[in-house]
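Trainee: Sharing a structure with you now.
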Amino acid sequence: MPQFSSDERQLLHDSVQDFFANQYSFEQFRELSAASHESGFSQDAWRQYGELGWLGVAAPETVGGTGAGLTELAIIMAGAGSALAMEPLLSSTVLAGGALELVASPDQSHHLDTVISGERVWAFCHAEPDGGYAREYVTCLATESSEGYVLDGKKTFALHAQAADQLIVTARLGDANGPVSLFVVPSNSEGLSRHAAPSLDERRGASLMLDGVSVSADAMLGQAGHDQTEAVNAVLDRGVLAVCAEACGAMTAVTEQTVEYLKVRKQFGQPLAKFQVLQHRLVDMNVSCEEARAATHAALTAADNNEPNARTKIWRAKVQVGRSARYVGSQAVQLHGGMGMTDELAIGHYYKRLSMCESLFGDADWYLRQLANRLD
Amino acid sequence: MFIRTSEPNSSLESFRADVRAFMAKELPEETRRKQTLGQHIERDEYAAWLRRLGSRGWLTGKWPKEHGGLGWGPDEFAVFGEELGRANAPPVVPFGPTMVGPVIYSFGTEEQKAKYLPGIIKHETWWCQGYSEPGAGSDLANLQTRAVRDGDDYIVNGQKIWTSFAHWADMMFCLVRTDPDVKKQEGISFLLIDMNTPGITVRPIIGITKGHHLNEVFFEDVRVPVANLIGEENKGWTYAKFLLGNERVGVVDVGKFERYIEGLRQLLNDTKENGEPLSKDPDMRQRVAGLEVSFETIKALMADQLAAAQRDGSPPLIGAAALKVRSSEFQQAALQTIMDVFGRHGMVYQTDALHPGFNGDVVGPDEMAGFIYEHLYRRAATIYGGSTEVQKNIIARGALGL
């Protein structure tokens, strides 16, 4: 994949940081996360992401994207994490965008246009209630019909699925051993019910029930009958990288805030930052951030360069980021004392966002087991 | 080493059976249902349950008989707590029974004992604790809420924070500064304040759980009769230390911890990965085994400390600190493991399912919202009741002479 130069990445990073620092306040997050808010994300910010070209940064130039790679996407996701952004970047830009880029045939390219412009919100619904984190567990069934296909089954809660105009749903074609296929399902399809709910970190999503959902033949992405397991894995890996980057952004922000707090908070006649035990704790948080960033960066580079061991690096990054996020998130609360436990401060919200990042697409323990299974 | 074990106590097991039977019979079905789901219990329902416990004298079982208690030793107290936790009954709110009650019967006048103790025994009075302030958390002695003598009253001005149930409370026991010109600890008084007194404002603090039990309490020219002073003016810190000593005694919610592990095992059975129950997953099994090791160690620590308490008449403060550190860490580890199971369900947090009267459907397991609430709440287990950092300082100074 063509990549930005370091200078270009720096420019992108600066403009991302600038946007989130100046145009996406914590108060904005509070407004958007309120149960009473209509959509749970900022339509205005979403429009701006589109205008800035962020929603197509990793999409090919041939379809109107910037033609950059996952590293550039990660720079944006890190910014989003640092500001607790609520918009459906993960589901729409990363997952659906990735699926459409990798699987859709040329005559289906109009879908990707809507991802890049942001005019449609997309979600990618793959995991199932009895599958857990297992990537190859697909029991949703697609049966051929006169119009195209009929879909039946259940999908686990997915972030942003409640807001999606279009859902990409995985299902096996024909029977339980059929090839894994991807289907574009409009959210108003008959037979599709979405059970919307808030996530731990006050974003929203939905679980799906598909009960005889009828879709046209061209709803199937790519070549009919082709097993898309490898593509699904690639999409999920993009998701992993995206949440790793998001977590890096969130961890860095919350660590900075915690350092500042300890400099200001006085007990026993002096700022808490003077106590060596707490200084070392802050150092451990800081070093954990660096480890997460480095591991994510190595994985991104491997992915963008199509290195043969990229998947291993991506999975290792998820383990590292999971460890770091668990430590940084919980210690940020601990070091803020009672204040860290309030809804009013940002700290607890970073803690919850980091907990989500840890669990999305599989947690550190799960990836460690997968890596262990792959050892010679 | 390995010298002292608790004296065997045959009446303890019949007491345990009695408590267990009471829980089975007297815990209202509706309350039990709410507790299972982690739904919020409102004031009246909670108070009714506490009054039931009070009718057996069990809120204040540990008090000496001369003050209306049952004279329980530390082992009866532990058994009662265990069975309460095992039954998943709403816990005893400690502010009256464990905290201000003993202070009143130890340092109060006869009038004060007669006025306040019966209300605590029967839970006719809801108490809250006015200790922490924005500038006085771990450094409690730094408190600034001022009480100035004016005739037969004190005029109180200031602010308390992290006040559990202040929005429900009838009375507050409050540490106030009565002398700002001496060493911090020597200018503090212990004052009982009627929460209905004009000038008191209670402001809710919403937690990361999205729930409410903590508050800020503001005092603006609040008149408190001098008759509400406990003991001597400026000796409040002594009474507070006595109270803290009482509070931190080997109180580990064994019953609740058992329920965490049971709940976890049930969730592992019910949650599938790749079509197989997680209870078969070797990594999860190892984590459960690890939690059980930690839990057994905590129970063993408790048993040794109970034995020491029986010998010495009072519990070891250093041991209590160690137990607090490890049990709070265990709590967090057990709940984190449960959260890791919930990751498979998408980590949905439906706080509206925790409100009584919720009638909708939940995404994922029924108990998910309640356990997520508990996990988020217990993020504070290493902060409240003396943070882990403070407990380690206590051990360093008190046990290691550092």
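The values are calculated or read from the model by the stated rules, or taken from the named source; none is laboratory data. Just so we're clear, the structure is a prediction, and the values are computed from it rather than from any experiment. Cβ sites come from the backbone with ideal geometry, for glycine too, and all protein chains shown count toward neighbours. Ligands, DNA and RNA are excluded from the accessible area calculation, which covers all protein heavy atoms including side chains. Shrake-Rupley method; radii C 1.70, N 1.55, O 1.52, S 1.80 Å.
Trainee: Would the stretch B:353-366 turn up any residue that is closer than 22 Å to A:M341 by Cα and surrounded by fewer than 21 Cβ atoms within 10 Å (Cβ to Cβ)?
Mentor: yes
Trainee: To continue, here is another question. Scan the stretch A:126-158 residue by residue and report those that are facing chain B (nearest Cβ under 8 Å), aliphatic (A, V, I, L, M) and in a strand (DSSP E or B).
Mentor: Within the stretch A:126-158, just A:A158 meets the criteria.
Trainee: When B:I383 is evaluated against the numbered criteria (1) surrounded by 21 or more Cβ atoms within 10 Å (Cβ to Cβ); (2) facing chain A (nearest Cβ under 9 Å); (3) under 26 Å from A:D363 (Cα atoms), which criterion, by number, is the only one it fails?
Mentor: Exception for B:I383: condition (3).
Trainee: Suppose we keep only residues that are without any contact (Cβ under 8 Å) to a residue 60 or more places away in the chain and of a type in the set (V, I, T) within the stretch A:323-342. Which one would you say is surrounded by the most Cβ atoms within 10 Å (Cβ to Cβ)?
Mentor: The residue in question is A:V333.
Trainee: Moving to a separate point now. Can you spot a residue in the stretch A:105-125 that is within 23 Å of A:C357 (Cα to Cα), within 11 Å of chain B (Cβ to nearest Cβ) and either in contact with a Ser or Thr (Cβ under 6 Å, 6 or more places away or on another chain) or open to solvent by 10 Å² or more (accessible area, probe 1.4 Å) (or both)?
Mentor: No.
Trainee: Test of understanding: among B:A321, B:A399, which residue is open to solvent by less than 20 Å² (accessible area, probe 1.4 Å), farther than 30 Å from A:H126 by Cα and not polar (S, T, N, Q)?
Mentor: From the options B:A321, B:A399, the qualifying one is B:A321.
Trainee: With within 14 Å of chain A (Cβ to nearest Cβ), open to solvent by 20 Å² or more (accessible area, probe 1.4 Å) and in a helix (DSSP H, G or I) as the only criterion, which of B:Q159, B:Q185 stands out?
Mentor: B:Q185
Trainee: Here's something else I'd like to know. How about the stretch A:86-111: which of its residues are of a type in the set (A, V, I, L, M, F, W, C), part of a helix (DSSP H, G or I) and out of contact with any strand residue (DSSP E or B) (no Cβ under 7 Å at 6 or more places or on another chain)?
Mentor: Answer for the stretch A:86-111, where residues must be of a type in the set (A, V, I, L, M, F, W, C), part of a helix (DSSP H, G or I) and out of contact with any strand residue (DSSP E or B) (no Cβ under 7 Å at 6 or more places or on another chain): A:L89, A:V94, A:L100, A:L102.
Trainee: Another question, then. Search the stretch B:352-378 for residues that are in contact (Cβ under 8 Å) with a residue 40 or more places away in the chain and pair each with any residue that is polar (S, T, N, Q) when their beta-carbon atoms are under 6 Å apart and the residues are at least 6 apart or on different chains.
Mentor: B:L354/B:Q39; B:P356/B:Q39; B:A369/B:Q350; B:Y373/B:T209; B:L376/B:T209; B:Y377/B:T209; B:R378/B:Q331; B:R378/B:Q332
Trainee: Could you list, in sequence order, the residues of the stretch A:345-376 that are out of contact with any helix residue (DSSP H, G or I) (no Cβ under 9 Å at 6 or more places or on another chain) and outside any helix (DSSP H, G or I)?
Mentor: If the condition is that a residue be out of contact with any helix residue (DSSP H, G or I) (no Cβ under 9 Å at 6 or more places or on another chain) and outside any helix (DSSP H, G or I), then A:L375, A:D376 are the ones that fit.
Trainee: Can you name the residue in the stretch A:343-359 that is in contact (Cβ under 8 Å) with a residue 12 or more places away in the chain and facing another protein chain (nearest Cβ under 8 Å) and, of all such residues, is nearest to B:E216 (Cα to Cα)?
Mentor: A:G348
Trainee: If you don't mind, there's one more thing I want to ask. Out of the residues in the stretch B:188-201 that are of a type in the set (A, V, I, L, M, F, W, C) and free of Cβ contacts under 8 Å to residues at least 60 places away in the same chain, state the one that is surrounded by the fewest Cβ atoms within 10 Å (Cβ to Cβ).
Mentor: B:I200
Trainee: Just give me the residues in the stretch A:359-376 being in contact with an Asp or Glu (Cβ under 9 Å, 6 or more places away or on another chain), open to solvent by 20 Å² or more (accessible area, probe 1.4 Å) and not aliphatic (A, V, I, L, M), in sequence order.
Mentor: Across the stretch A:359-376, the qualifying residues are A:F361, A:D365, A:W366, A:R369.
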